[in-house]
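Below: one structure, written as structure tokens.
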Amino acid sequence: MKISKTLLSDCFIIDPTVHGDERGFFLETFQKERYRNLLGNDLEFVQDNHSRSSLGVLRGLHFQKPPHGQSKLVSVIKGSVLDVVVDIRKNSSTYGQYIMEELNEFNHHQLYIPVGMAHGFLALEDHTIFRYKCSNFYHKESEDS
């Protein structure tokens, strides 16, 4: 597994180790202790989400306000997205800055998004399947965009 810094403080691209041959491939998408060591000892995911989008669907930019903020680990199972993250943490050294990253079923990139960042994506293909792990439960009254 390889982890790479992005332009945003505390936001990382993770490339899981992919074991592949002519039959297909295998990769570990999450292992609690390994990810805690990479991203911080207080990391705890409590909810998994899964969505499907048609070509051209734009989702976001979403976030949850404190104290219900969520860090997320996002990836694409099928298809591809242009993923966008904006740092909206007022005390952050990268406040107001953003990144864009293509996530797709072939590059297997995962994006770790810490609490306090807005997140969204544009589906680049029909039937794109997107998944994300969240560190806090969904709280409708705290949702914002």
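The values are calculated or read from the model by the stated rules, or taken from the named source; none is laboratory data. Values in this document were obtained by computation on a predicted structure and should not be read as measured data. Every residue, glycine among them, receives a Cβ derived from its backbone with ideal geometry; neighbour counts consider all protein chains shown. Heavy atoms of the whole protein, side chains included, go into the accessibility calculation; ligands, DNA and RNA do not. Shrake-Rupley method; radii C 1.70, N 1.55, O 1.52, S 1.80 Å.
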Considering only residues that are part of a strand (DSSP E or B) and of a type in the set (Ser, Thr, Tyr), look in region 107-145 and name the one that is most open to solvent (accessible area, probe 1.4 Å). TYR132
Condition set open to solvent by less than 70 Å² (accessible area, probe 1.4 Å) and touching a residue at least 12 places away in the same chain (Cβ under 8 Å), scope region 18-43, selection nearest to ASP83 (Cα to Cα): answer is THR29
Please go through region 93-106 and pick out each residue that is outside any strand (DSSP E or B), open to solvent by 60 Å² or more (accessible area, probe 1.4 Å) and of a type outside the set (Phe, Trp, Tyr). SER93, GLN97
Conditions: (1) free of Cβ contacts under 8 Å to residues at least 40 places away in the same chain; (2) more than 23 Å from PRO67 (Cα to Cα); (3) not small (Gly, Ala, Ser). HIS127 meets all but one. Number of the miss? (1)
Can you tell me which residue among SER71, SER75, SER80 is open to solvent by less than 60 Å² (accessible area, probe 1.4 Å) and touching a Lys or Arg at 6+ places or on another chain (Cβ under 8 Å)? SER75
Quick one: what pairs do we get from region 75-97, first residue within 19 Å of ARG52 (Cβ to Cβ) and at pLDDT below 95, second in a loop (DSSP other than H, G, I, E, B) and not small (Gly, Ala, Ser), C-beta under 8 Å, 6+ apart or different chains? none
